[in-house]
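Notes follow the structure.
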Amino acid sequence: MPSHQRPLSPHLQIYRWQLTSVLSILHRISGILLALGTVVVVVWLAALAAGPESYGRVMGILSHPLSLAALAGWTLALFYHLLNGIRHLFWDAGWLLDLKGAYASGWAVVIFAFLLTAIVWGVSL
């Protein structure tokens, strides 16, 4: 059979999204965001070490509302990645591997990540 007549394998456009697959993709994305945010932390620390003028310039940028929103998103990624990593440690120990446990722990990760981010940023719920 010629290669152009072969059927395509199923892919993400065919399958229905599941919580476990979405959380897995978000875990990878949050890891990338944490790496990018770490660059910002290093720039902030370098400005702190360079003196008051450099620190003032960096703080001027970081105090902008868009920067604060990005930092809040970075905080959310941090807590999500941490909690999802702990969830994976539970899985490595053989716990919460059934469907009910996987979904319950997945929703717990999402809820607690948002809750911890809100606590850090001082937002009352």
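The values are calculated or read from the model by the stated rules, or taken from the named source; none is laboratory data. Since we're looking at a predicted model, the values are computed, not measured. Quick reminder, even Gly has a Cβ in these numbers, built from the backbone with ideal geometry, and neighbours come from all protein chains shown.
Some observations on this one:
- Residues satisfying the stated conditions in the range 58-70, i.e. within 21 Å of I29 (Cβ to Cβ) and either of a type outside the set (A, V, I, L, M, F, W, C) or crowded, with 18+ Cβ neighbours inside 10 Å (or both): S67
- Qualifying residue in the range 91-114 (condition: farther than 17 Å from Q18 by Cα and among the charged types (D, E, K, R)): yes
- Within the range 42-55, residues that are within 19 Å of L71 (Cα to Cα) sit with their Cβ atoms under 7 Å from residues that are aromatic (F, W, Y) and surrounded by 14 or more Cβ atoms within 10 Å (Cβ to Cβ), at 6+ positions apart or across chains, in these pairs: A47/Y55; L48/Y55.
- Every residue from the range 83-118 that is free of Cβ contacts under 8 Å to residues at least 12 places away in the same chain and within 30 Å of A47 (Cα to Cα): A118
- Residues that are under 20 Å from W44 (Cβ atoms) and outside any helix (DSSP H, G or I) do not occur anywhere in the range 69-82.
- The range 13-68 - residue that is hydroxyl-bearing (S, T, Y) and not in a helix (DSSP H, G or I) and, of those, modelled with the lowest pLDDT: Y15
Here is a yes/no grid of residues against (1) part of a helix (DSSP H, G or I); (2) among the aromatic types (F, W, Y); (3) surrounded by 13 or more Cβ atoms within 10 Å (Cβ to Cβ):
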residue	(1), (2), (3)
R87	yes, no, yes
L96	no, no, yes
A108	yes, no, yes
I111	yes, no, no
A118	yes, no, yes
